[in-house]
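Worksheet for the structure shown next.
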Amino acid sequence: MAKRMIALFAVVTAAAVLLAAIAGTASSRRTASPIKIGVSLSQSGDFSDPGKAVKRGYELWAAYVNAHGGILGRQVQLKIVDDASNPNQAVTNYQTLITRDHVDLVFGPFSSLLTGPSATIANRYHYAFLEPAGGGPKVFALKLPNLFFVQPAPVVKCGDTFTAYLKTLPAGARPKTASYASLDDPFASPIADAMQAQLSKMGIKTVYKTIYPAETTDLTPIVEKAIAPKPDLIVGGTQSVDAYSQVKALIQAGYNPKFLFYANGANSPVEFPSKVGKGNVNGIFSCSDWTPTSPSTGNKVFVSQYIKRYGGTPFKIDNNSAEAWAVGQLLQTVAAKTGSIDNQKIITTLHKGVWPTIEGNLSWDAYGAPSGNDLLVEWVNGRLLPVFPANFALAKPTSPKPPWGG
Amino acid sequence: MHIFVQACILGLLTGGVYALMASGLALAFGVMRVINVAQGALIILGAYLSYTLYTDLGLDPFVGLIVVTPLMFLLGVALQLVFLRLLRDEEREELSLLVTWAIALGIEGVLSLAYQTSYRSTITGYADKSWHMLGYHISVARSYAFIASFVVLGLLFAILRFTKLGRGIRATVQNPTAARLLGVDTRMISALGFGLSVATAAAAGAVYGIVFPFNPGSHYDLISRLLTIIVLGGLGSLGGAVVAALFMGVTESVFAAEFSPVWSSFTFFVVLIVMLVFRPEGLFGARVRGAI
């Protein structure tokens, strides 16, 4: 009997040990399972070029973080799906990523157009929505507590640094008159409007203002009218192609203003010179959220990793890739701080304090609008360089603008 | 007054470019009753081919036409034989819209894959140069484009008027059945006529690439303008397309400069609506076939 009891005890003990071992293995497998991050990106359609740049940034970050032990000891696994630049598809993608693929986290898509509806879906499922490229006013008007725009400033504040720079000039060197020509677009004309309000307060007289519809192919007549009063400053509330057209029209008209600022289009280090000619870029101002030479946290690592993986030079790196990397970097930091990747914890934690990224030290209001400022960039000797504020500047701002072709 | 005159100069030059772009569309409709909504995409394809020849081989876009025009002609013939020949006469106008729309989307897709979606510009040495006269400036590139437009239109006119092919085309336009009875190979004429209309997209594309930045999606806006021009000018009328294009160029330019850019397109459409109400056949459109 005793022998039988001992045998039974031995069998039960062995079974218990075996079960514990199996459970232990399963448990260790669970902790080692990768963190799945779902992203909808435009790999086709209108936003496919910037979408691909964002993809490069996300993938580069994931590869880097995985090579350095992952997040909280877990590898990162990106699941990127194409939305064809279509907001409806982006919504469907996030719905699928969250409810069917059960991703742990999501990152944002490209452009405000897709970010707004996507972030709304993520909010419904209480997912944090760290996003690199949705900074338009309509995104923040949604009042989503889960959204964090990982750039220093909302889109409409693009011109603030330029007006701040003008204030540093002696009164005699400032422009006296300004013309404003803007695209009828929520990401373009509000920038020029905000600048006009600030510049008018400085005593810079508006001599012409117009808003042109998106289908305007030929901007030459508009530029003719804008330059007729011979303004010292021309502000273009532009997106991209209209900035190129404005520059070409100015060159053809032979008019060289003392100051020339474009909200967008002129801040693309690769695209802009190829569209308007390398000799015509110098002296043109724009705004930028990131530069390869910024002393921001982790920027050197990003730049070196980017060039190692994709080649090229620092000044050829697309801002969209840097913005995407910053999203991953922010997640990494907040996960390290909270010791968790719980979405609610991430949301609560990010709403407090200042967060260092390659985009600068970021903080947000209750609905994800960042509280910082963009950098003022200018084309100097054929290179797009940060020129203001002084602590980020690589060159002094040049004014008046050099002649075309110079 | 200065701005008005300057805007008129700009408008005339731009209108000349649009005249060239619309001529192929007018020809396709005149010859085959095909509303070729792929013409915009074909022009953008022409712009890309010129751009590639210029950036890769240094071939000036106007010189590059020696290469691009025959290619586009062959493409036009092929498109007609493969897609449009199959359409029955009684449903040709309606179905050609669908078929050519599919062709446009196909071209856009291929271009997006090959060149991606970022904007391109053919920046030649004269792209941004201007002549300055009496206080006015005249864009060199637009002037070249204007001249090229009228050279191509002149050639097109000469082909239609003085060659056997042209006579065949005109006969086919006027009465396809009678033309067939008289020994005209109307199927071949249709293919060659369509090839000719697509070949104009080569010159139009070269010019478009110099004057405006473009990407594969640029054809949407372009085709809406071109359709408006040929409706105003009279479907199938080359002369009408030219006059309507010049009118559109000047109207848009003057309204954009003198009033508001928002009004410039709108004004043109108001004129178009008035025209459709009082003269639906357009400025030079014939009430019967054979307007070309």
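What follows is calculated from the coordinates using simple rules that are stated; it is not laboratory data. As the structure is a prediction and not an experimental result, all values here were calculated from the model. Neighbour counts run over all protein chains shown; Cβ positions are idealised from the backbone, glycine included.
Classify the protein assembly as shown as rounded, prolate or oblate from the Cα gyration tensor: take a ≥ b ≥ c as the square roots of its eigenvalues, call it rounded if a/c is under 1.5, otherwise prolate when a/b beats b/c and oblate if not.
Verdict is oblate for the protein assembly as shown.
What's the longest bit of chain A with no exposed trypsin sites (Lys or Arg not before Pro), using DSSP loop states and at most 14 other Cβ atoms within 10 Å as the test?
For trypsin sites (Lys or Arg not before Pro) (loop position, at most 14 other Cβ atoms within 10 Å), the longest site-free span of chain A is A:177-351.
Taking the Cβ-Cβ separation of residue A:354 and residue A:33 as r and a Förster radius of 51 Å, what is the calculated FRET efficiency to the nearest 0.05? Walk me through the numbers before you get to the answer.
Details: r = 32 Å, r/R0 = 0.63.
That gives a FRET efficiency of 0.95.
In which sequence would A:94, A:58, B:119, A:125 go, from the one with the fewest C-beta neighbours within 10 Å to the one with the most?
Exposure proxy ranking, most exposed first: A:125, B:119, A:58, A:94.
From the backbone phi of the range A:149-157, what are the Karplus-calculated ³J(HN,Hα) couplings (6.51 cos²θ - 1.76 cosθ + 1.60, θ = phi - 60°) in whole Hz, Gly and Pro given as x?
In residue order, the calculated couplings are 7, 8, 9, x, 8, x, 3, 5, 8 Hz.
Say the cut-off is 18 Å between C-alpha atoms; which of A:278/B:129; A:157/A:401; A:248/A:275 go over it?
A:157/A:401
Cut-off under 18 Å on the C-alpha distance; same-chain residues fewer than 8 positions from residue A:36 excluded. Which lysines are left, in chain and number order?
A:55, A:79, A:345
Please report how many Lys pairs in the range A:170-237 have alpha carbons closer than 13 angstrom, counting only residues at least 8 apart along the chain or sitting on separate chains.
Lysine pairs meeting the criterion: 5.
Quick one: dipole size for the protein assembly as shown, taken about the Cα centre, charges +1 on Lys/Arg Cβ and -1 on Asp/Glu Cβ, in debye to the nearest 20.
Result for the protein assembly as shown is approximately 960 debye, rounded to the nearest 20.
Taking every residue in B:74-83, how many Cβ atoms of other protein chains lie within 10 Å of its Cβ, on average?
What the average comes to for B:74-83 is 0.
In what order do B:91, A:271, B:281 fall by count of nearby beta-carbon atoms within 10 Å, going from fewest to most?
Fewest to most other Cβ atoms nearby, the residues stand as B:91, B:281, A:271.
Pairs of Cα atoms under 8 Å, at least six residues apart: use those to get the relative contact order of chain A, whole percent. Numbers along the way, then the final one.
On the way: 817 pairs, mean separation 70.9, N = 406.
After rounding, I find 17 percent.
Under the rule of at least 5 residues apart or a separate chain, name every residue whose amide H is placed under 5 Å from the amide H of residue A:211.
Amide H neighbours of residue A:211: A:182.
Angle, helix B:186-211 long axis vs. longest principal axis of chain B, Cα atoms, 0 to 90°, nearest 10?
Between the helix axis and the principal axis of chain B, the angle is about 10 degrees.
Nothing charged except the Cβ atoms of Lys and Arg (+1) and of Asp and Glu (-1): what's the magnitude of the dipole of chain A about its Cα centre? Round to the nearest 20 debye.
Magnitude of the dipole: close to 1060 debye.
Which is the longest part of chain B that has none of the trypsin sites (Lys or Arg not before Pro) sitting in a DSSP loop with at most 14 other Cβ atoms within 10 Å?
B:89-286
Rank the residues B:155, A:114, B:57 as a footprinting-exposure proxy: fewest other Cβ atoms within 10 Å of their Cβ go first. Please list the in-between numbers first.
On the way: B:155 14, A:114 30, B:57 9.
Ranked by crowding around the Cβ, least crowded first: B:57, B:155, A:114.
Using a simple charge model, +1 on the beta-carbon of Lys and Arg, -1 on the beta-carbon of Asp and Glu, nothing else, what dipole does the range B:2-278 show about its Cα centre, in debye to the nearest 20?
On the way: 14 positive and 13 negative charges, 144 e Å.
Rounded to the nearest 20 debye, it is 700 debye.
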